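Since the structure comes first, as structure tokens, the remarks are kept for the end.
The values are calculated or read from the model by the stated rules, or taken from the named source; none is laboratory data. Everything numeric here is computed off the predicted structure, so don't read it as measured data. Note that each Cβ is placed from the backbone with ideal geometry, even for glycine, and that neighbours are counted across all protein chains shown. The protein model used for the area step is the full one, side chains on, heavy atoms only, and it has no ligands, DNA or RNA in it. Shrake-Rupley method; radii C 1.70, N 1.55, O 1.52, S 1.80 Å.
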Amino acid sequence: MTDTGALPYLGVRYQVKYHKCNLACPYCIAGWKERENVFDAETFRQVVSKLKQLPYRISLRIGVGGEFFTCPELMEEVRNICNFNTNIFGVSFSTNLVASWDQIIGPFLSSLDTGKLGMGCTLHDTVIKDVDEFFDKASKIKKSGVEVYVGYVAIPQKINLIPAYKKRCDQLGIPLAMNGLIGKLHGVDGADHSLEYPQDYTSAELAALKEVWDTPHSYMMLLRACNTKGMACSAGRNYLYIDHRGNVFPCGNTAQLEPSKKMGNILAGKIVMQADDTRCPFTSCWCGNENQALRIVDQYYERSRALRVFHQKTGIPKSQLYQGYNPSIFERSSKNKIGSSWKRVNKFLRKILQ
């Protein structure tokens, strides 16, 4: 038996570049269907094997890009992670839940120890036919013992539906984790193609979304575009980003903007971890997983086995949870500078989400 209790925590975002998807959401913030599927099953297995040798208690987030339940190799390796006692105490991924419950999802969950598993169930109500079926599947997953959340993108034309979705999630005991739009909105009735998000959410939309957003941290980071530069961060110390080739970086921003700061390749040799926390050198960190390396998360929340799920500490007033963040990048410049800055940020976000 592996005793991981005394090991330090390590959050790992492993982006495997599996880009096959069974949906074509018009608002896909990363444009997965436009990207080449370069997933290699053997490399994936080797990287996971190396992670099991690290002296850390690991929460592993698999960044799939496409749909998890269309890939047997991913399913098999996650099953192995869950069923064997190793230092990986939690493994999580996202799914759109379109796959058959009786043929795929149910048998998968029955084949493993759900006590290690986390799942983000992304609700795409612009393209799926049956929202009730989606929530029925999410409820079954919750009852099976999985650390589950429902993910939803804040489309302006759908804001009026979010309170009802949140109520359904609350009734099921499942967090509703929100994502902001990134870029221009296409394929949705009533969308203004000249607007770019999150910059162009209106004040009224921001106020309405604040009422249903999952955590103040996520709201400040993903919707208000908090400038992260200078904020204390554990990237490279208690958080790692691994690309599909096994290259290791402190975070996804570093992988794209400062690749020379690579910490090594997990398949080729020793990884040199940072001894201390750092100060974020970037102005923008909107990926739902990278910004969780920020130390402000540990100040206000308890982490879980699913990298994107954390629970508010008791005794902290909600108003305090919005404090300690830098101003939004949209509020630090003139209007003209904001437009120029946003174009650069939008291009950057597209890169880190690849």
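Could you count how many residues in the range 202-218 are out of contact with any helix residue (DSSP H, G or I) (no Cβ under 7 Å at 6 or more places or on another chain) and either of a type in the set (D, E, K, R) or open to solvent by less than 40 Å² (accessible area, probe 1.4 Å) (or both)?
4
Do you know which residues across the range 96-140 are open to solvent by 40 Å² or more (accessible area, probe 1.4 Å) and closer than 30 Å to Leu185 by Cβ?
Listed by number, the residues that qualify are Val98, Thr126, Val127, Lys129, Asp130, Asp132, Glu133, Asp136.
Hey, can you tell me all the residues within the range 50-68 that are outside any strand (DSSP E or B), of a type in the set (Gly, Ala, Ser) and under 19 Å from Glu147 (Cβ atoms)?
none
For the range 243-261, indicate whether the set of residues that are open to solvent by less than 10 Å² (accessible area, probe 1.4 Å), assigned to a loop (DSSP other than H, G, I, E, B) and within 22 Å of Asn37 (Cβ to Cβ) is non-empty.
So far as the range 243-261 goes, yes, one or more of its residues are open to solvent by less than 10 Å² (accessible area, probe 1.4 Å), assigned to a loop (DSSP other than H, G, I, E, B) and within 22 Å of Asn37 (Cβ to Cβ).
Checking Tyr165 against (1) at pLDDT 95 or above; (2) part of a strand (DSSP E or B); (3) not small (Gly, Ala, Ser), only one condition comes out false. Which one?
The one condition Tyr165 does not meet is (2).
Answer yes if at least one residue in the range 126-146 is at pLDDT below 95 and in a strand (DSSP E or B), and no otherwise.
The answer is no, given that none of the residues of the range 126-146 is at pLDDT below 95 and in a strand (DSSP E or B).
Under 7 Å by Cβ, and 6 or more places apart or on different chains, what pairs join a residue from the range 304-332 that is without any contact (Cβ under 8 Å) to a residue 12 or more places away in the chain with one that is among the aromatic types (Phe, Trp, Tyr) and surrounded by 16 or more Cβ atoms within 10 Å (Cβ to Cβ)?
Once the first residue is without any contact (Cβ under 8 Å) to a residue 12 or more places away in the chain and sits in the range 304-332, its partners that are among the aromatic types (Phe, Trp, Tyr) and surrounded by 16 or more Cβ atoms within 10 Å (Cβ to Cβ) give His311/Tyr301.
Taking Phe93, is it aromatic (Phe, Trp, Tyr) and more than 30 Å from Ala6 (Cβ to Cβ)?
No: the conditions fail for Phe93.
Looking at (1) open to solvent by less than 70 Å² (accessible area, probe 1.4 Å); (2) over 20 Å from Arg245 (Cα atoms); (3) out of contact with any Ser or Thr (no Cβ under 6 Å at 6 or more places or on another chain); (4) at pLDDT 85 or above, which is the one condition that is false for Phe69?
Condition (3) is where Phe69 drops out.
Mind checking which residues of the range 79-97 are among the hydrophobic types (A, V, I, L, M, F, W, C) and either over 22 Å from His124 (Cβ atoms) or more than 19 Å from the chain's Cα centre (by Cα) (or both)? Steps first, please.
Keep residues of the range 79-97 that are among the hydrophobic types (A, V, I, L, M, F, W, C), which gives 81-82, 84, 88-89, 91, 93, 97.
Matches in the range 79-97: Ile81, Cys82, Phe84, Ile88, Phe89, Val91.
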